[in-house]
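Before any comments, here is the structure.
The values are calculated or read from the model by the stated rules, or taken from the named source; none is laboratory data. Bear in mind the structure is a predicted one, so any value in this text is a computation, not a measurement. A quick note on method: Cβ atoms are made from the backbone with ideal geometry, for glycine too, and the neighbour counts reach across all protein chains shown.
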Amino acid sequence: MYKYDAIDQQIVNERVAQYRDQTNRYLAGELSEDEFRPLRLQNGLYIQRHAPMLRIAVPYGMLSSKQLHKLAAIAKRYDKGYGHFSTRQNLQLNWPKLEDVPEILAELATVEMHAIQTSGNCIRNITTDQFAGVAPDEVIDPRAMAEVMRQWSTFHPEFALLPRKFKIAVSGTKQDRAIVQAHDIGMEFYKDEQGKTAIRVWVGGGLGRTPILGTIICEHLEWQHALTYCEAIIRVYNLHGRRDNAYKARIKILVKALGIDEFKKQVEAEWLHLKDNPNTITEAELARVAKHFEAMPYENLPAQDASFDAAIASNPAFAAWIKRCTHPHRQAGYRAVTISLKPHGHPPGDITSEQMDVVADLADAYSFGELRASHEQNLILADVKLSDLFAVWEKARSAGLATPNIGLLTDIICCPGGDFCSLANAKSIPIAEAIQMQFDNLDYLHDIGDLELNISGCMNACGHHHIGHIGILGVDKDGSEWYQVTIGGKQGNDASIGTVIGPSFSAEEMPGVVQRLIEVYIQQRTAEERFIDTVRRIGVAPFKGHVYAANGKEASHV
Amino acid sequence: MSNLIKDNSIVADDWVRIVPPSLGEEAVRKQAGKVVLFKLTGEETFTAEQISATQIPATGKVLVPFTVWRANKDALASRVSQGEVGLLIATHEAIEDVMAEIKDINAFALVAVYVERFADGRIFSIGNLLRTRYGFKNELRAIGDVLRDQLFFLKRSGFNSFLIRADRNAQEALQSLKDFSEPYQGAVDNTQPAWRRVNR
C-alpha cells in the first residue's frame, strides 16, 4: 500500500499543528461556534448527541496492521474501546473529547493517518472496491489513481468550501463494487479498443434526500486528464451549485436543473482551459504511486490444497464460513477473506480494540500485514493462502469475527442512527439487531441467500437504504420514530433505487415486516432467483399485499 | 491599526469602499422557515434606485461595486486611468458576465472580491479565473467575511491582499499564509503539483 514520503508526512504534521491552533482558538473563545463548525467538520469532527464523533480517514479503505493497532490503541485511550467502520470505508470514534482531538491527530500522523476532509463541504474520502488488486474480474487496479486523486483533493484551494459535500468513487472491475453511480463523480476505469486505460465518468449520482443515479458525462477520458476533468466539473459546481438551500446543494440538483447536455457543455467549455495544465498526470507520477500497489510476493501454489479440502469436507461450520466469507482471488492458491463485523445482535460495523488487534495480528500472520475496510462495513484480508484459511477461521471465530453471513440478510449496512447521531430521525442499530435476532437461524439465513438489507436513521442515507434490496429508513412522525420500507434497490452495474412499499411501521413491527417480505420471496422464487431478482420479476405489489394484509393495515391507505 | 494584509505584511488601506445606500427595508428571504444565507450566482446585488443614489467622492482611491461602476463608466474613465478606481465584485455575480463588460481588467489598480459569508467558496474559483483566464495582474483583494482560516486557500487561488474582518487580528492571521509548506496540487500561486516541483 502507499507509504508516505517526506512531503506527505509534512502535510499531515502541518495539519495537526493547524488544527491544534484552531481548537485552541475555539476553546479560548476567539472562534464562535459558527466559525469553528466548518473547520472542525473539515476535520471529521461532529458534535453528536452524547459526545463529539471523530471520523478518521481510511483512504480507499486500505489499512496496514500497524495502523489498525494504532486505531485500537486510540480507541482504548481516548474512547470507550471500540470504533465503527462506516459506509465510506472510514473509522468513526463515538466518544472522543473535543479537546483531545489534536492529540489523537498527532498520534494518527505517526502511522500516516489523518482525518482530513472526512466531513464538511469538500471532497471527501475517495472510495473503491475492497477487492482492488486481487479480484479476478479486475481490469485495472484503481488504487494508484485513487491515491493520486487523494493527494490532489487534499486541501485543494479552489474546492475548500463547496456548496455541499462531494464524494468520488473509482472502480476498475467488470462488476462494479464501488457504487460509482451513486457518487457525485464516479470513475470507471477500463481498457479502450487500443488497449489504453480510459475512464468512463459518471456525474450527479447520490443518495441522501433526493436519490438519483449518476449519468455518464464522458464515455472516454484518457487517464492523464482525470484531475483536470474533475477540476472542470467541480468548478462549474462550485460557481453555480445552489448554496441557498442545503437540501438542494448537491451537484445532482445542478445537473438535473441544467440537464446533462447543458451541464456537459459547461464542463467541456471549462475543460478546454484546464486540459493539459500541470495537474495533468504523467506516466512517471502514476508509475511512482503504482509501485506501492504492486502484487504481493505470492508463493507459487496449486489451485487446490488437500488440507483445506479435507477441512471443508469434515467441518460444516468451516465450510459455511468459506462459502460466505471468502472470495475468489486472481492468484492460484489464495482467497480474499471478509472478517464479518456483523455478529447477530451487535451494532453493524462496530469493532472493539481487542478485535482490532486480533485482525491486525491475522493480517501480519496471513495476509502481508495489510487489510481493507469495505463500504459494507466489514474488514478484508485480501491475500490468504488456502492452507491458512482454517487457522484464520479459528482465530477469527474465537474473537467473534467469523459470522458466516457475508452477503446474507444479517450482513446489514447500518448507520449509527439516533443512538449517536444528532441528524438522525430514528434509531437504526436496535432495528438491525432485532432483525438479526429474528433471522438468527443460520440454515434459514443461508436458504434465503444473497440479500442486502440497508438501514439509515434519516434521509441523509449514510446506510445507503435506497440501494438495499430491502431498505429501511427512519422517519419522524409527530416526534416519534417510524420506519419506511423500500424494496428493489441494488448496487452494481445494474444499480437501482428502491420503491417504497407503503406507510411506515413502528420499531416493534420491523422484524415481522422483513419476515413477511421473505415469506413472499420464498413462496415466489424460482430455483435460481435471489431476492432482488424475484422483486424485479414480480414487482412490488405481492410483497406490499402480504406485508400489509398481515399487518392489519390497508396498503392503499397512505 | 490596519487590518489589511498585502503581500505578506500589514499595510495601511488607502481605498474607500463605496457602499450604495439601502433604500427602505430589505426583505429577509426565508426558505422552509430558515433565513437564506447565500445569494444565487447571477442574482442582482443592488437595485437601479440604489445604484443611482450612490455617492462617489470626487477625489481619492475608491473601491466601487461593479454595477455602480457600470452605471458611471464614462464619468469614472479618467480616474480609472489614474489608478484611482478599484472594482468590487461580489461572489454571487457571474464572473463571465462581469468580464463581458470590461475591456481591460488591468486598467483597474485593484479588484476586490466580496465574500458575505466565510463558507462561500465561490471566491476561490473567481480569484482563480481572474488570474488565469482573464489575466488580471494587479492587486487582488479578498474582503468581507475574511478570516485567517481562508487565507492559505485564498493565496493559492491568486489573491495577494486580504482585508481581515474588523473584529479579528490581522497580525495573527499572517501566520496562516504559511499553514502548509509543500501543497500537493498545482494552483494559481504555484502551478506545479508536488511531483513536478520536487523529485519524490
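Of (1) buried (at least 19 other Cβ atoms within 10 Å of the Cβ); (2) of a type in the set (Lys, Arg); (3) outside any strand (DSSP E or B), residue A:395 satisfies all except one. Which?
For residue A:395, the failing item is (1).
Among the residues of the stretch B:177-191, is any surrounded by fewer than 20 Cβ atoms within 10 Å (Cβ to Cβ), more than 10 Å from chain A (Cβ to nearest Cβ) and in contact with a helix residue (DSSP H, G or I) (Cβ under 8 Å, 6 or more places away or on another chain)?
The answer is yes, given that some residue of the stretch B:177-191 is surrounded by fewer than 20 Cβ atoms within 10 Å (Cβ to Cβ), more than 10 Å from chain A (Cβ to nearest Cβ) and in contact with a helix residue (DSSP H, G or I) (Cβ under 8 Å, 6 or more places away or on another chain).
Do any helices (runs of 4 or more DSSP H) entirely within the stretch A:222-308 hold 1 or more residues that are surrounded by fewer than 16 Cβ atoms within 10 Å (Cβ to Cβ) and not assigned by TED's automatic domain parsing to the domain that holds residue A:335, and if so, which? Before you say what the answer is, go through the steps one by one.
Numbers: elements: A:226-240, A:251-258, A:260-274, A:283-290.
Fully inside the stretch A:222-308 and qualifying: A:251-258, A:260-274, A:283-290.
Among the listed residues B:133, B:156, B:148, identify the single one that is buried (at least 17 other Cβ atoms within 10 Å of the Cβ), touching a helix residue (DSSP H, G or I) at 6+ places or on another chain (Cβ under 8 Å) and at the interface with chain A (Cβ under 8 Å from one of its Cβ atoms). First the steps, then the outcome.
On the way: B:133 fails: buried (at least 17 other Cβ atoms within 10 Å of the Cβ); B:148 fails: at the interface with chain A (Cβ under 8 Å from one of its Cβ atoms).
After applying the criteria, what remains is B:156.
With in contact (Cβ under 8 Å) with a residue 60 or more places away in the chain and closer than 20 Å to residue A:146 by Cα as the only criterion, which of A:90, A:13 stands out?
A:90
Among (1) out of contact with any strand residue (DSSP E or B) (no Cβ under 7 Å at 6 or more places or on another chain); (2) part of a strand (DSSP E or B), which single condition is residue A:187 missing?
All conditions are met except number (1).
Output the residue which, of all residues in the stretch B:98-119 that are within 14 Å of chain A (Cβ to nearest Cβ) and crowded, with 23+ Cβ neighbours inside 10 Å, is farthest from the chain's Cα centre (by Cα).
The initial filter retains those residues of the stretch B:98-119 that are within 14 Å of chain A (Cβ to nearest Cβ), namely B:98-99, B:113, B:115-119.
Among the residues that remain, those that are also crowded, with 23+ Cβ neighbours inside 10 Å are: B:113, B:115.
Numbers: B:113: 1, B:115: 7 Å.
Ranking the candidates gives B:115 first.
With the condition kept exactly as written, say whether any residue in the stretch A:501-513 is in the same structural domain as residue A:463 (by TED's automatic domain parsing), in contact with a His (Cβ under 6 Å, 6 or more places away or on another chain) and modelled with pLDDT of 95 or more.
Just the residues of the stretch A:501-513 that are in the same structural domain as residue A:463 (by TED's automatic domain parsing), to begin with: A:501-513.
With in contact with a His (Cβ under 6 Å, 6 or more places away or on another chain) added as a condition, the list becomes none.
No: zero hits.
What do you reckon, is residue B:76 crowded, with 24+ Cβ neighbours inside 10 Å and either farther than 21 Å from residue A:164 by Cα or away from every other protein chain (no Cβ under 13 Å) (or both)? Even if it seems obvious, please write down each step before you answer.
Values: crowded, with 24+ Cβ neighbours inside 10 Å: no; either farther than 21 Å from residue A:164 by Cα or away from every other protein chain (no Cβ under 13 Å) (or both): yes.
For residue B:76, the condition - crowded, with 24+ Cβ neighbours inside 10 Å and either farther than 21 Å from residue A:164 by Cα or away from every other protein chain (no Cβ under 13 Å) (or both) - is not met.
Among the listed residues A:450, A:476, A:440, identify the single one that is farther than 19 Å from residue A:345 by Cα, of a type in the set (Asp, Glu) and part of a loop (DSSP other than H, G, I, E, B).
Result of the check over A:450, A:476, A:440: A:450.
Do we find a residue being within 13 Å of chain A (Cβ to nearest Cβ) and either surrounded by 20 or more Cβ atoms within 10 Å (Cβ to Cβ) or free of Cβ contacts under 8 Å to residues at least 24 places away in the same chain (or both) anywhere in the stretch B:82-89? Steps first, answer last, please.
Of the residues in the stretch B:82-89, the ones within 13 Å of chain A (Cβ to nearest Cβ) are B:89.
Filter again for either surrounded by 20 or more Cβ atoms within 10 Å (Cβ to Cβ) or free of Cβ contacts under 8 Å to residues at least 24 places away in the same chain (or both), leaving B:89.
Looking for residues that are within 13 Å of chain A (Cβ to nearest Cβ) and either surrounded by 20 or more Cβ atoms within 10 Å (Cβ to Cβ) or free of Cβ contacts under 8 Å to residues at least 24 places away in the same chain (or both), one finds at least one in the stretch B:82-89, hence yes.
Scan the stretch A:412-437 residue by residue and report those that are among the small types (Gly, Ala, Ser), buried (at least 24 other Cβ atoms within 10 Å of the Cβ) and in a helix (DSSP H, G or I).
The answer is A:417, A:432.
Could you please let me know if residue A:75 is outside any strand (DSSP E or B) and either polar (S, T, N, Q) or surrounded by fewer than 23 Cβ atoms within 10 Å (Cβ to Cβ) (or both)? Working first, answer last.
Numbers: outside any strand (DSSP E or B): yes; either polar (S, T, N, Q) or surrounded by fewer than 23 Cβ atoms within 10 Å (Cβ to Cβ) (or both): no.
Against the criterion (outside any strand (DSSP E or B) and either polar (S, T, N, Q) or surrounded by fewer than 23 Cβ atoms within 10 Å (Cβ to Cβ) (or both)), residue A:75 does not qualify.
Considering only residues that are of a type in the set (A, V, I, L, M, F, W, C), closer than 30 Å to residue A:247 by Cβ, more than 22 Å from the chain's Cα centre (by Cα) and not in a strand (DSSP E or B), which ones fall in the stretch B:6-63? If you could, list the steps in order and put the result at the bottom.
Step one: filter the stretch B:6-63 for residues of a type in the set (A, V, I, L, M, F, W, C), giving B:10-12, B:15-16, B:18-19, B:23, B:27-28, B:32, B:35-38, B:40, B:46, B:48, B:51, B:53, B:56, B:58, B:62-63.
Pick out the ones that are also closer than 30 Å to residue A:247 by Cβ and you get B:27-28, B:32, B:35-38, B:40, B:46.
Among the residues that remain, those that are also more than 22 Å from the chain's Cα centre (by Cα) are: B:27-28, B:32, B:35.
Correct list: B:27, B:28, B:32.
Can you name the number of the only condition in (1) assigned to a loop (DSSP other than H, G, I, E, B); (2) closer than 30 Å to residue B:116 by Cβ that residue A:101 fails?
Here residue A:101 meets the rest and fails (1).
For the stretch A:162-182, how many residues are touching a strand residue (DSSP E or B) at 6+ places or on another chain (Cβ under 8 Å), part of a loop (DSSP other than H, G, I, E, B) and within 14 Å of chain B (Cβ to nearest Cβ)?
1
Can residue A:30 be described as at pLDDT below 95, buried (at least 18 other Cβ atoms within 10 Å of the Cβ) and at the interface with another protein chain (Cβ under 9 Å from one of its Cβ atoms)? Please lay out each step first, then the result.
Numbers: at pLDDT below 95: yes; buried (at least 18 other Cβ atoms within 10 Å of the Cβ): no; at the interface with another protein chain (Cβ under 9 Å from one of its Cβ atoms): yes.
No; evaluated as a whole, the condition is false for this residue.
Go through A:530, A:537 for me and flag whichever is farther than 21 Å from residue A:436 by Cβ and of a type outside the set (A, V, I, L, M, F, W, C).
Details: A:530 fails: farther than 21 Å from residue A:436 by Cβ.
Answer to the selection: A:537.
Take the conditions within 14 Å of chain B (Cβ to nearest Cβ) and not in a loop (DSSP other than H, G, I, E, B) and apply them to residue A:363. Does it pass?
Numbers: within 14 Å of chain B (Cβ to nearest Cβ): no; not in a loop (DSSP other than H, G, I, E, B): yes.
No.
Could you list, in sequence order, all residues of the stretch A:479-510 that are more than 22 Å from the chain's Cα centre (by Cα), part of a loop (DSSP other than H, G, I, E, B) and in contact (Cβ under 8 Å) with a residue 12 or more places away in the chain?
Selection gives A:501, A:502, A:503, A:504, A:506.
So which residues in the stretch A:229-266 are among the acidic types (Asp, Glu) and within 14 Å of chain B (Cβ to nearest Cβ), if there are any at all?
Let us first name the residues in the stretch A:229-266 that are among the acidic types (Asp, Glu), namely A:231, A:244, A:261-262.
The answer is A:231, A:244.
What's the number of the only condition in (1) farther than 30 Å from residue A:201 by Cα; (2) within 14 Å of another protein chain (Cβ to nearest Cβ) that residue A:325 fails to meet?
(2)
Which of the residues spanning the stretch A:259-281 are over 21 Å from residue A:157 (Cβ atoms) and free of Cβ contacts under 8 Å to residues at least 12 places away in the same chain? Step through it out loud before you land on a result.
Going through the stretch A:259-281, the residues over 21 Å from residue A:157 (Cβ atoms) turn out to be A:259-266, A:268-269, A:272.
Within the stretch A:259-281, A:259, A:261, A:262, A:265, A:269, A:272 qualify.
Can you name the residue in the stretch B:9-48 that is surrounded by 11 or more Cβ atoms within 10 Å (Cβ to Cβ) and either among the aromatic types (Phe, Trp, Tyr) or in contact with a Gly (Cβ under 9 Å, 6 or more places away or on another chain) (or both) and, of all such residues, is nearest to the other protein chains (Cβ to nearest Cβ)?
B:38
Any idea how many residues of the stretch A:278-326 are touching a Gly at 6+ places or on another chain (Cβ under 9 Å) and of a type in the set (Gly, Ala, Ser)?
2
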